[in-house]
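In what follows, a structure is listed as C-alpha cells, so that the remarks can point back to it.
Since every read-out is calculated from the coordinates, none of them should be taken as a lab result. As the structure is a prediction and not an experimental result, all values here were calculated from the model. Reconstructed Cβ throughout: ideal geometry from the backbone, glycine too, with neighbour counts over all protein chains shown.
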C-alpha cells in the first residue's frame, strides 16, 4: 500500500530492549511516530541508545519488547529482503576492504531488486548512475573504492543507499570523521535529495546546531528514554541541552539563523 504525504511510515510503541546477558535496559519505553517525507534527527549524547535504536528499526537486531511497524507491518515479522524494500541504511563506520570499483560498490545497493541468479538490468544500471550523479560520486565512478578519501567514501556509501530506491533513508552519524566543509556538503546534499525524491530522512546526530540546520523534527534520547519529541523549533532549547548533555549554553540568533554556544558544564544535582 502506497502511503500519502505525511502518513506514518514508521511507528514505534513502548519499545524496550536489553542486550543478551545485559542487566540494564538500553531502551526503555521508546515511542515515536515518523511520517512519510519528514526529515527527522535522533539527537543524544554518546551511549544514549541512538545506534541501538537504529539497529532495531532496520531489523538488524531483534528480541525487543513492544512494537515497531514499518508501513503498517510489524518489523519482527519481516525478512531482510522485505525490509530492504523500504529502508536503506548508511552506517556510522565502514571499512573499504576490497578494491571494487565505485560503480560495483554502488550496485550492491540493488541487491533487493536483483534476482539471486540474475545480472543487473538496464534499470539497475540507470539507478546506480542516477544515484552517482546526484551525489557527485560520478566523478570517480570507475576508481577502486578502497582508494577514495573519507569524503568520497561517504558519498559513495550514500549513493549505494540511494540506488536502493527506498522510501526511508537512515544515516547513523553521517558527519562522522568528516571535515567542516564535507560535513556541510554531505548534510546539504542528503537534505536536497530527500526533498527531491520525497524520501523520509532519519539521521543520528550529536550536535544540536546540525539539527537546527538540517532537520524539521527531532527525537531526543537521554539515557535510553525519549526526553523530547517534536518540531525542532518548539523543543530545542538551552534547558533541554542542559538536561541531555550536561552543558550550559546560550542561544544566538542572527540573520534568521540560530545556534547554541556552550559556555560551561551544568551542575549535577544529587
On Cα atoms only, tilt of 150-163 relative to the major axis of the chain in degrees: 70
Taking the chain as the reference, fit the longest principal axis to its C-alpha atoms, fit the long axis of helix 122-135 to the helix C-alpha atoms, and give the angle between the two in degrees, 0 to 90, nearest 10. 40
Projected label distance in nm at residue 216 and residue 63, using a 7 Å step from Cα toward the beta-carbon: 3.9
Which FRET efficiency value, to the nearest 0.05, do you get for residue 255 and residue 14 by plugging their Cβ-Cβ distance into 1/(1 + (r/R0)^6) with R0 = 30 Å? 0.10
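One-quarter of the Cα convex hull surface for the chain, in nm²?
Dividing the Cα hull surface by four gives the mean projection, 16.4 nm².
Starting from the Kirkwood Rh over alpha-carbon pairs, what translational D in µm² s⁻¹ does the range 95-165 have by Stokes-Einstein at 4 °C and 1.567 mPa s?
Working: Rh = 11.8 Å.
The calculation lands on 109 µm²/s.
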Backbone N under 11 Å from the residue 130 label point (7 Å along Cα→Cβ), restricted to the range 151-184: 163-166
Packing-based ranking, highest mean first, of 162-175, 126-139 given that Cβ atoms within 10 Å are counted: 162-175, 126-139
